[in-house]
Structures are given as C-alpha cells and as structure tokens.
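The values are calculated or read from the model by the stated rules, or taken from the named source; none is laboratory data. Quantities reported herein were computed from a predicted structural model and do not represent experimental measurements. Here the Cβ positions follow ideal geometry from the backbone for every residue, glycine too, while neighbour counts run over all protein chains shown. When the accessible area is computed, the model is the full protein with side chains, heavy atoms only, and any ligands, DNA or RNA have been set aside. Shrake-Rupley method; radii C 1.70, N 1.55, O 1.52, S 1.80 Å.
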Amino acid sequence: EALFLYASDLLILAFLIRILFTSHKPSHSIHEPSFRKLFLPLYVFIFSALISVYVAPSYALANYGFFRLALLVMFAVAIPIVMREKGVFNRTLVLVSLLALLQSGVGIYQFSHQASAGLGVFGEPQLVSYGGSTSTIPADGGRFIRSYGTFPHPNIYGGFLALGLVGLCYLYILNDAMLYKWRYTKSVYE
C-alpha cells in the first residue's frame, strides 16, 4: 500500500506534454467521427473509475490509481493520432524492431547461461533455477530457466519479441516494395 512513480509513467507524461504543446497540426483531428464514437464508452469507463475512488478504503491510493488510469487512457487515445502522421509509424517499427533484437540477445544469454545477464538496472529480474518465483521448464529431472529479457514475465517477453518480428517482416516487405518500385521506375526512364 504505497505510491510508486515508475519511469514509464514519466515517459508517458512527457509524451503527452509534448503532444499537447507541439505546434504541428496532425493530419487527422480528434474531432473526426471515427474518434467521436470512441468517446462515449471512454467517458463511461472514466466515470466508473472515478466512482470507485470514493468508495475505496484508501483515498490516497485510489486517487493515485485513478491518475495512472487517466494517464494511460490519454496515452491510448494519443497514440493513434500521432501514428497517423507521416513516417511516425515506420520509425516506431524500426525502434521496436531494434529493441526486440537487443532483447533477443539478452534472452539468448539468459537461457544459455541459465542466469541473469546482470541488467538489473534495466529491470531484469533476478533469475534462480530453483527459486519459487522464476518461471522454469522441467526437463530430465532438472529445471531450465525461461528467458525473461528485461521484462517481468517470459510471456510478456515473448509477446514483445513477436511484435518485433512482425515489425521486422513489415519493414522488410516495405523496403522490398520500395526497392522494386525504384528499379521499375529506373528501368522505365532508361
């Protein structure tokens, strides 16, 4: 029952402040009909969460939880608006793909050495083969540690790696299509 300030909360807050105070106009407005349909369920959700603040036993924790929830909802609404701007989606996929490649290296090290890679500063959990909280695979009377990367659970790690793989495939196909288009236009003008 304590209040924690996570680095991800600060990054999300900085992102929202940047979006709020930038002078550029997005190509699509939040007032479009496709976004307006989202707002009624969103208002109901936020109002329900606000009601729960008043019936919670710990008023300070409930307010903190509501603040974090509101921050995440604003972040979820801001992402599609920002992603519609030219080039942002591709740059984001490049970043996610590079991070997935780095995380895969951490996971390979963890599995091959059956220990943590020493990246506790970046959130890597302490991995112990016979520890109660470490996820393992039983085999041949022993246990093998599942790779965590710097994530709190191997399933989240696997989901991030899958997202990175899909991003790499998308970028490969996009690059291949652009290369084909460049070759085709070059041969037409020769």
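Brief remarks on what is shown
- Label-point separation in nm, Leu5 to Phe144, each point 7 Å along Cα→Cβ: 4.3 nm
- Using C-alpha pairs below 8 Å separated by at least 6 residues, the relative contact order for region 54-132 is 12 percent.
- The packing ranking, built from the mean of other Cβ atoms within 10 Å per residue, places the peptides 97-103, 111-117 in the order 97-103, 111-117, highest first.
- Taking every protein chain into account, the 1.4 Å probe leaves Arg18 with about 140 Å² of accessible area, to the nearest ten.
- Extending 7 Å from Cα along the Cβ direction at Phe111 and again at Met178 yields two label points whose distance is 3.1 nm.
- FRET efficiency, 1/(1 + (r/R0)^6) with R0 45 Å, evaluated for Leu98 and Phe45 via beta carbons: 0.85
- The Cα center of region 53-69 and the Cα center of region 76-127 differ in position by 31 Å.
- When its C-alpha radius of gyration is set against 2.2 N^0.38 Å (N residues), region 41-190 gives a value of 1.51.
- Cα gyration tensor shape of region 59-124, rounded if a/c is under 1.5, else prolate or oblate by comparing a/b with b/c: oblate
- Positive minus negative residues near Ile79 (Lys, Arg vs Asp, Glu; Cβ under 14 Å): +2
- Inter-probe distance in nm under a simple model that places probes 7 Å from Cα toward Cβ, at Ile137 and Phe66: 4.6 nm
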